[in-house]
Amino acid sequence: MTHWSPIVGAVGNDDTTVDGGADELVFRALADPSRRRLLDALHADDGLTLTQLGAVLPDLTRFGVMKHLRVLEEADLVLSEKVGRSKHHYLNPVPIQRIHSRWLSKYGERSGQALLDLATAVEAGPGPEREERR
């Protein structure tokens with residue numbers, strides 16, 4: 001059964017996005033270090049213009065920065081708004097949160113529980129079977 005979520009779109013029974021293409025776009029966008037630097041800049045100071053973002057990547061031309069922004073916009077990681085003659089770019093954290101919920105947290109739960117179990121065992125000290133080995 002599929003239902004619609006205003007945040008993530010079409011969602012299946014296991015809360016995964018039915019259209020895996022959106023996740024693919026996000027992974028592709030995040031794979032490039034220049035695009036990650038642009039996202040970091042927007043995280044630090046949201047609403048930057050192309051000129052301001054160009055200062056983050058001084059080795060690239062204005063068109064190179066525009067190309068990276070287009071990839072980020074296609075992945076829905078950056079939203080843009082025209083303000084007068086300039087265009088301001090804003091970080092959209094929802095796709096990254098969706099990736100975290102779908103992929104990272106699922107695999108982190110098991111290892112996190114293993115670490116908690118280890119900490120509990122260490123804090124409990126040596127058990128009766130450990131005493132016999134000495």
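Listed values, structure above:
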| item | result |
| --- | --- |
| Three-way shape label, region 37-104, alpha-carbon gyration tensor, a/c 1.5 | prolate |
| Ordering of 118-125, 23-30, 56-63 by packing [mean C-beta count within 10 Å, highest first] | 23-30, 56-63, 118-125 |
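Bear in mind these aren't lab numbers, they're just calculated from the coordinates by the rules spelled out. The model shown is predicted, which means the values in this text are computed figures rather than measured ones. Counting neighbours? That spans all protein chains shown, and the Cβs are built from the backbone with ideal geometry, glycine included.
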